[in-house]
C-alpha cells in the first residue's frame, strides 16, 4: 500500500476533522436527538466530503460512485473505501453483497479490476468524540495496518492478526 503512505497524515486529519466538525458544529440539542446511526452517518458524510476537499485535485485520484458505493480510485492501483471499523479493522455494519464482492477483490462493474481494494477505516471512541485510530485493511488477504504517528511522521504498523495453523475442515492441526 505504498501508494497510500504519502497520504496517511491527510487521511488521519480528515477523520479527526470530521468528528470534530460533528461535535463542534452540530448543536447540543440536535446531537441529543441523534441516535448512534444518525451521528455515525453525519461523521461518515463529513469524512467523505473531507476526502473530496483534501484529495480531489490530486492527479490520478478519482471519486467514483458505483451502485451507491462511494470509493476513491487512486491511479487504478488502489480503490479505497472509507468505513467505520472495530479494533480488528472489520466493518461494523451489515454486509451487503456488493461490500462482500469489494472485500473479496471480485470484479465490480465500474471499478478498475486490477486495483487492490482496501478499507481505510476509522475506529471511534464509545462517545464518538475522538478517532482512536485509523486502520488500513485489505480484507481478502487478511492484511491490516494501523496508521501511527511518531515524531510528527505518519507511517503504518502491521497489525495483521496471527493465523492459527489449520488442517482441512477448519479445525486446528494437532501438534
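Only the coordinates and a few stated rules stand behind these numbers; no lab work does. Bear in mind that the values here come from a model prediction, so they are computed numbers and not experimental data.
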Relative contact order of segment 5-158, defined on C-alpha pairs under 8 angstrom at six or more residues apart (%): 20 percent
Distance between segment 6-69 and segment 75-140 - C-alpha centres, whole angstrom: 15 Å
